[in-house]
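The values are calculated or read from the model by the stated rules, or taken from the named source; none is laboratory data. In this text the structure is predicted, and so the values were computed from the model without any measurement. Virtual Cβ from ideal backbone geometry, glycine too; neighbours counted across all protein chains shown.
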Amino acid sequence: MIPNSNLRRALGRLLLLSSILALPLRAEEVNGSWTMDQPRDAGPILHTVIELHQHGENVEGSVMPNIAAELPIREARVDDEDIVFRVDWGWRFRVHLDGLNLHVAVSYDQGKSEQEYTARPSIPADTQLPAQVAPPALRDLPSNGLALTPPMGWNSWNHFAEGVDDTVVRETADAMVSTGMAAAGYAYINIDDTWELDRGPDGRIRSNRKFPDMKALAAYVHAKGLKIGIYSSPGPVTCGGYAGSYGHEEDDAKTYAEWGIDYLKYDWCSAGRLYTNDQLRRVYQRMGEALARSGRPIVFSLCEYGMVDVWTWGPKVGGNLWRTSGDISDSWKSMENIGFKQGALAPYAGPGHWNDPDMLEVGNGGMTPTEYRTHFSLWCMLAAPLIAGNDLRTMSDDTREILTNREVIAVDQDPLGREATRVYARELVEVWVKPLKAGGCAVAVFNRGRMDAVAAFPWSEVGRRETPASVRDLWRHADLTPSATGFSARVPSHGVILLAVR
Ligand code: GLA
C-alpha cells in the first residue's frame with residue numbers, strides 16, 4: 001500500500017512535532033513504498049524499491065533492486081527508531097524515517113562497507129513491469145555443435161563485478177596469453193553484467209562508457225587468438241539492473257554476431273517477475289533460436305540457478321552449459337556447498353552440454369591454496385566449465401600453478417565427457433571417480449574435515465578388479481607404486497589427492 005503524498009506530509013509534520021515534543025517515534029510511519037535512486041558510474045540509475053508493512057514488532061515487505069527481483073524481507077526487527085532486516089543476495093538494511101523520506105543504510109555480507117541513501121516515496125513508474133510477450137511454442141532445437149569439451153576461459157564477475165571495463169578486458173586477454181593460461185587451454189574472455197547502457201532508436205543495445213567500442217574490443221581479443229563472451233538477461237533488466245534482452249532477442253543476437261561475440265551467458269534475473277517457471281524453458285528457447293539465426297557460432301550458457309531441472313532440457317534449447325546452483329562466493333563453505341552436491345547430475349553432462357556449478361574462485365583470496373586445489377580438482381572431476389574468476393594480471397605463482405596444471409585440466413577436458421560420481425563417503429573423506437576416454441579413471445580423494453585424515457581403500461572401491469598398472473599423482477606430478485592392498489595416504493584438512501589410475 002502506498003500512502004498518498006498528503007498523508008505522508010501529515011506524517012512528516014507529526015514526526016517533526018513529535019521530535020519537538022520529544023515524544024517516542026512510532027515506527028509504523030515507515031509503512032509504504034520507498035525508492036532509493038542510486039546513481040552509478042556507468043549505465044542507468046538503479047532504482048531500488050523498499051516495501052515496508054509494520055505492525056508493532058512485526059515487519060514484512062520486500063526489496064526490489066530495480067525490477068530485477070522481488071526479495072522478501074527476512075529477520076526483521078524493530079531496534080529503537082530503526083527497522084533492521086536482511087534480504088537474499090547478502091544485503092543488510094537499517095532504515096528509519098527522516099522527514100518525508102526514509103534514511104537507508106545498506107551493507108553487504110561480502111564485506112563491502114555500509115552505504116547510506118535517502119529513499120523517496122515511490123511513484124508507480126518505479127515498479128512498472130512491461131506487458132508479457134508470449135514465449136514461442138515448445139520445440140527441440142538441434143545442437144550447435146560447440147563446446148565438445150567443457151568451455152575454458154575467464155569471466156569478470158567474481159573479481160571485478162561492476163569494476164569491469166574495456167581496459168580490464170584487454171589487459172586480461174594479454175595476461176591470458178603471457179601467463180600460459182591460453183596455452184593451457186583457456187580461450188574465452190567473458191564480460192559479465194554492467195556493460196549495458198540502453199537501446200538506440202533502432203532498438204539495438206548500446207554499451208555504456210566503460211566499453212566505448214565492443215567491435216574493436218572483440219577484434220583485440222581475437223587478435224590474441226582468444227574468444228570473447230558477453231552477458232544478458234531474458235528479462236527487461238539484468239540482475240544488476242542494466243538493460244536486458246526482453247523483447248529484443250533477435251536484435252541482440254544480431255548485434256552480438258556483428259560485434260564478433262563467441263559466447264553468451266543468459267541470466268534469468270528480472271524474467272522471473274514476468275514469466276512463470278512453466279514458461280522458463282520456452283523463454284530460453286527464444287534466445288537459442290535467435291542465436292542459431294545470428295549466423296555466428298555462439299556458445300549458449302544458461303544461467304537460471306538450476307531451476308525447473310534445467311539439466312533435463314538445457315540441450316534442447318541450444319544450451320551448451322547451465323548453472324546448477326545459486327551464486328558461488330569466495331569461501332570454503334560456499335564452494336563445498338555447491339561442489340559436493342553435484343554428483344547426482346552426472347548423467348546429464350556430455351560433449352556439447354555441461355552442468356555448470358558456477359565460475360571458479362581460485363586466486364580471489366578467500367580460501368587457502370590447499371582449498372583452491374580442492375575447488376579446482378572437484379570442478380575438473382565434475383567436467384565443469386573452467387571459467388577463472390580472478391585477476392589474471394596480478395595472480396600469484398600459486399594461483400597460476402593451480403589454474404594451469406595441465407594434468408588436472410586433462411581430467412576436466414577428457415573427450416569422453418563423463419562427470420564424476422561419489423563412490424564412497426566415510427566421515428568427511430570422500431572418493432569420487434571419473435571414467436576417462438583412454439580407459440582407467442581419475443580418482444579424487446577429498447578430505448572435507450577440519451583435521452588431517454588417513455584415507456585407505458581397496459582398489460575394488462574405485463571399480464578396479466585388479467591392482468592398477470599405473471597410478472599417477474596429478475598434483476605432485478609423480479608416478480606412485482600401486483600397492484596390491486589398495487590405496488592409502490594422509491590427506492590434509494580441506495585437501496585433495498588427485499590420481500589417474502590405469
Ligand atoms: C547473477 C549471476 C552471477 C552474475 C550476476 C551479475 O547473480 O548468477 O553469476 O552474472 O548475476 O549481475
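Table for the structure above
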item	result
Yes/no for Ala134 being more than 20 Å from Phe300 (Cα to Cα), part of a strand (DSSP E or B), among the small types (Gly, Ala, Ser) and not assigned by TED's automatic domain parsing to the domain that holds Gly314	no
Arg293 away from the ligand (no atom under 16 Å from the Cβ), basic (Lys, Arg) and within 21 Å of Arg139 (Cα to Cα)	yes
Strands (runs of 3 or more DSSP E) contained in the range 149-245 and holding at least 1 residues closer than 24 Å to Cys380 by Cα and either within 16 Å of the ligand (Cβ to nearest atom) or in contact (Cβ under 8 Å) with a residue 40 or more places away in the chain (or both)	152-155, 188-190, 227-232
Val87 being within 16 Å of the ligand (Cβ to nearest atom), within 30 Å of Pro212 (Cα to Cα), buried (at least 16 other Cβ atoms within 10 Å of the Cβ) and not hydroxyl-bearing (Ser, Thr, Tyr)	no
Residue count for the range 109-164, restricted to those that are surrounded by fewer than 19 Cβ atoms within 10 Å (Cβ to Cβ) and on the phi > 0 side of the Ramachandran plot	3
Answer from Gly244, Gly203, Gly235, Gly229 - the residue that is more than 22 Å from the chain's Cα centre (by Cα), at pLDDT 95 or above and either assigned by TED's automatic domain parsing to the domain that holds Ala173 or buried (at least 22 other Cβ atoms within 10 Å of the Cβ) (or both)	Gly203
The listed residue being of a type in the set (Val, Ile, Thr) and under 21 Å from Gly153 (Cα atoms), out of Thr324, Thr312	Thr324
Residue in the range 323-338 that is buried (at least 21 other Cβ atoms within 10 Å of the Cβ) and either away from the ligand (no atom under 16 Å from the Cβ) or free of Cβ contacts under 8 Å to residues at least 24 places away in the same chain (or both) present	yes
The range 303-322: number of residues that are within 15 Å of the ligand (Cβ to nearest atom) and among the hydroxyl-bearing types (Ser, Thr, Tyr)	1
One residue from Val462, Val445 being modelled with pLDDT under 95 and surrounded by 15 or more Cβ atoms within 10 Å (Cβ to Cβ)	Val462
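For every residue, the table says whether it meets (1) touching a strand residue (DSSP E or B) at 6+ places or on another chain (Cβ under 9 Å); (2) outside the structural domain of Trp475 (by TED's automatic domain parsing); (3) part of a strand (DSSP E or B).
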{"site": "Thr370", "(1), (2), (3)": "yes, yes, no"}
{"site": "Arg373", "(1), (2), (3)": "yes, yes, no"}
{"site": "Phe376", "(1), (2), (3)": "yes, yes, no"}
{"site": "Ile387", "(1), (2), (3)": "yes, yes, yes"}
{"site": "Glu401", "(1), (2), (3)": "no, yes, no"}
{"site": "Trp432", "(1), (2), (3)": "yes, no, yes"}
